[in-house]
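Visitor: Below are the C-alpha cells for one structure; questions will follow.
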Amino acid sequence: MHKKLFSLTATTLAASLVLAVPVHAAKPALGPTVEEAPLRGHMAFLSSDLMEGRGTGQRGGDLTVAYLEAASMAAGLKPANGNSYRQAVKIAGVKASPKESNVAFDIGGKQQAFEFGKEWVWAPGDAKPMHQMDADMVFVGYGINAAEEGWNDYKGLDVKGKVVVMMVNDPMPTAAEPERFGGKGLTYYGRWTYKFEEAARQGAAGVLLIHTDASASYGWSVVQNSWMAERFQLAQGDLGAGMEGWMTEDTARTLFKAAGHDLDTLRAAAEKKDFKAVPLGIKVKGETKAVVRSIEQFNVAGIVPGTDPKLKDEVVIYSAHWDHLGMQGDGPDNIYNGAVDNASGTAGLLAMAQAAVRQPAKRSQMFLWVAAEEQGLLGSAAYASSPLWPAHKTAANLNLDSLNWIGAAKDIGTKGSERTELGAMAEATAKAMGLAVSVPKPDLAGGYFRSDHFSFAKAGIPAFSIAGGSDYIKDPEAAKAKQKTYAPRYHQVKDEYDPSWDLSGMVQQAQFTLNLGRMVANSPKMPAWKPGDAFGKVRAGTK
C-alpha cells in the first residue's frame, strides 16, 4: 500500500514539474534549450527532507527511483530496458559491528586497541558477517603493482593470510623521472579503490590505508561518515579482502612506533622502485563482526531515439548518480540531503532530457541515473558490466556530478576529455557558446577516477565528467569566496538546497553537456581514444 502510494505521489510530482513548464520551440541552429525552472524544481524536491537523503538501501533511495522513473516517463523518454526504465543492481550491504567485535593489534603479546571511528575503521570486503583474525601486518608502501612503470610493491612477497597496510596516492615524480605515475597528477594506482582491489588480487586477508587529508584530498570526517554507516559492494564479481579499512596518520604513527618502526622513514623508503615490503612485527588478532544483507537497487535509464536510419543504432550516454548518504545517526538533523552532490546533476539530466526530446539527434541519446556512486561507483560499474546498449555502439559517456551552484562563468571544465577526440569537440562546443575551456591543472586528487564516467572508460568508452567553470562573470571575488564555503558542507548534513541560489551556472553546465552530446550524436563517426591510451586498447579489444 505504502509503496504504491509513494509511486503515485512521485509520478504526480514529476509530471507536474515537467508539464508546468511551457514548451518553447528552440531554434534548430541552436539546438534544444535547457531551462532553469525544471532543473530548480527537480533539485529542490530531490534534496528535500521528504527524499531522506536518497540513501542506498534506504526508503529514500526507493522513492528517488520511483520519482526518476515517473519524471522520465513524463518527459517523453522511452524505456531503455525493454518495457522498463529500471536496471537492477545487486548489492551487498555491510555494516561493521565494532561493539560486538573484539579486534586489536598485538605487539609481542601486548594488545593495543584503537577506537573505531575516531582512530580507525574497517568492514569486511567479502560480505561475510564474521572473521577470525590472526594475521601478520606488512607495510607495502603504496601497494602498487604496475608493470608499465616497472613498479611492484609486492615483489618477493606472499601476502596470503596477512594484513597489508599502505599509503594512499602514488609515488611522487622525481628529477630523473618527472612523469612517473602521471607526474604531479594522480593515476588510478593512487586511488583507494585500486589499493583494495590489488590487495585482494594478491590474496591478502586484510588491507588498511593510512589517511592524510592531503593524500586523500578530504578530511577524516568523510571517512568516518562513510565507514561508520552501512557500506555497499556489488554482490557479483570479484570480492574484496576479509578486512578493508583506514587508520588515521596519528594511529599509524603510534602503532608503528610501538613496534619499533618510524612511519616517516618507511614512507621515504617507499618512494623508490627497489623498496621491499617490511614485516611490522604486529598482528591483527580477534573477531570482527558485521551485519550483512542483500539488496536490489536500480539504475534508471530513458532513451531519445535517433533519427538517422543507421546512426540511431549507436548511442550517446549522459549520466549522473542519484544517490547520496541517506539518513545516518540519531542527531537532530540526520538527513544528508546532498543538494549539490548530486541532486544538482540528477536534476540537470532531467532538465536536459526534457529539452532533448523536443529535438532528437541522429544517434540515440540515453539519460542514465546510476545508483550507489557514493559506495564506489557501483551503479555505473554494474551498467558497464551489463550494458543496456552494446559498448562498441556507445559513442561516448558525458557525466555530471555536482553542478556549479555559484553562478554563470566564462569557462567550462573538460578535464579528461583530452584523452580522446572528445577534447577537440569540447573545445568547439565551448567556442560556439562563447566559453573558454578551463586551463587544465594537474589532477592531484585523481578526479578522473572518482566519478561514474570512469566505469565507462574502463570499458573502453570515451568518457569524462563536465565540470563547472570558475572564472565567474558576476562579482568574481565574492563568487570565489562563496565557492570555498562548500568544502565544509561536502558529505555533511549541511549540503542543503537554498532557494536563493543563482542557478545560471548549473543551466550553463547542463546546456554545454547537451550541446556536446548532440555534436557527438550528429558526427559522422564515433570519437576515438588518443593513440596509446590504455582505455583505447580496451576499445580496440586488446589489453
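The values are calculated or read from the model by the stated rules, or taken from the named source; none is laboratory data. Just so you know, these numbers come straight off a predicted model, no measurement behind them. Methodologically, a virtual Cβ is constructed for each residue, glycine included, from the backbone with ideal geometry; neighbour enumeration extends over all protein chains shown.
Visitor: For PRO531, are the conditions met, namely being in a helix (DSSP H, G or I) and either polar (S, T, N, Q) or at pLDDT below 95 (or both)?
Guide: no
Visitor: Filter the range 120-167 down to residues that are at positive phi and surrounded by 17 or more Cβ atoms within 10 Å (Cβ to Cβ), then give me how many there are.
Guide: Count: 3.
Visitor: Condition first: part of a strand (DSSP E or B) and either farther than 24 Å from PHE114 by Cα or more than 19 Å from the chain's Cα centre (by Cα) (or both). Can you find one or more residues in the range 195-205 that meet it?
Guide: yes
Visitor: Additional query: Name, by its number, the condition in (1) touching a helix residue (DSSP H, G or I) at 6+ places or on another chain (Cβ under 7 Å); (2) surrounded by fewer than 16 Cβ atoms within 10 Å (Cβ to Cβ) that does not hold for ASN102.
Guide: Exception for ASN102: condition (1).
Visitor: Going by what's in this entry, would LYS273 be described as surrounded by fewer than 20 Cβ atoms within 10 Å (Cβ to Cβ) and within 23 Å of ALA457 (Cα to Cα)?
Guide: no
Conditions (1) outside any loop (DSSP other than H, G, I, E, B); (2) surrounded by fewer than 20 Cβ atoms within 10 Å (Cβ to Cβ); (3) in the same structural domain as SER217 (by the TED database), marked per residue:
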| residue | (1), (2), (3) |
| --- | --- |
| PHE456 | yes, no, no |
| ALA478 | yes, yes, no |
| THR485 | no, yes, no |
| PRO488 | yes, yes, no |
| GLU496 | no, yes, no |
| TRP501 | no, yes, no |
| THR513 | yes, no, no |
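Visitor: What number of residues within the range 481-505 satisfy the criterion of being in contact with a Gly (Cβ under 6 Å, 6 or more places away or on another chain) and farther than 20 Å from SER221 by Cα?
Guide: 3
Visitor: What is the one condition in (1) farther than 30 Å from LEU239 by Cβ; (2) in a helix (DSSP H, G or I) that PHE367 does not satisfy?
Guide: Failing condition for PHE367: (2).
Visitor: Sticking with this structure for a sec: Could you please find all residues in the range 207-260 being in contact (Cβ under 8 Å) with a residue 60 or more places away in the chain, in a loop (DSSP other than H, G, I, E, B) and closer than 27 Å to LYS128 by Cβ?
Guide: MET228, ALA229, GLU230, ALA235, GLN236, GLY237, LEU239, GLY240, ALA241, GLY242
Visitor: Quick one: which of ARG191, ARG253, ARG293 is among the charged types (D, E, K, R), surrounded by fewer than 19 Cβ atoms within 10 Å (Cβ to Cβ) and either farther than 17 Å from PRO124 by Cα or out of contact with any strand residue (DSSP E or B) (no Cβ under 8 Å at 6 or more places or on another chain) (or both)?
Guide: The conditions single out ARG253.
Visitor: OK, next. Would you call VAL94 of a type in the set (Val, Ile, Thr) and modelled with pLDDT under 95?
Guide: So VAL94 fits the description; yes.
Visitor: Out of all the residues in the range 427-436, is one or more in contact with a Phe, Trp or Tyr (Cβ under 8 Å, 6 or more places away or on another chain), buried (at least 23 other Cβ atoms within 10 Å of the Cβ) and in the same structural domain as ARG518 (by the TED database)?
Guide: Yes, the range 427-436 has at least one match.
Visitor: Return the residue satisfying two criteria in turn: it lies in the range 298-347 and is part of a loop (DSSP other than H, G, I, E, B) and acidic (Asp, Glu), and of such residues it is nearest to GLY93 (Cα to Cα).
Guide: The qualifying residue nearest to GLY93 (Cα to Cα) is ASP323.
Visitor: Of (1) surrounded by fewer than 19 Cβ atoms within 10 Å (Cβ to Cβ); (2) farther than 26 Å from ARG191 by Cβ; (3) over 20 Å from the mean Cα position of the chain (by Cα), TYR472 satisfies all except one. Which?
Guide: Here TYR472 clears every test but (1).
Visitor: Being outside the structural domain of PRO524 (by the TED database) and over 21 Å from ALA74 (Cα atoms) narrows it down to one of GLN297, GLN375, so name that one.
Guide: Result of the check over GLN297, GLN375: GLN297.
Visitor: Look through THR254, THR265, THR248 and report the one residue that is under 24 Å from TRP192 (Cβ atoms), of a type in the set (Ser, Thr, Tyr) and within 24 Å of the chain's Cα centre (by Cα).
Guide: THR248
Visitor: Residues that are within 23 Å of the chain's Cα centre (by Cα), surrounded by fewer than 17 Cβ atoms within 10 Å (Cβ to Cβ) and outside any helix (DSSP H, G or I): does the range 55-78 have at least one?
Guide: Within the range 55-78, not a single residue is within 23 Å of the chain's Cα centre (by Cα), surrounded by fewer than 17 Cβ atoms within 10 Å (Cβ to Cβ) and outside any helix (DSSP H, G or I).
Visitor: Do we have ALA70 as at pLDDT 95 or above and out of contact with any Gly (no Cβ under 9 Å at 6 or more places or on another chain) here?
Guide: Against the criterion (at pLDDT 95 or above and out of contact with any Gly (no Cβ under 9 Å at 6 or more places or on another chain)), ALA70 qualifies.
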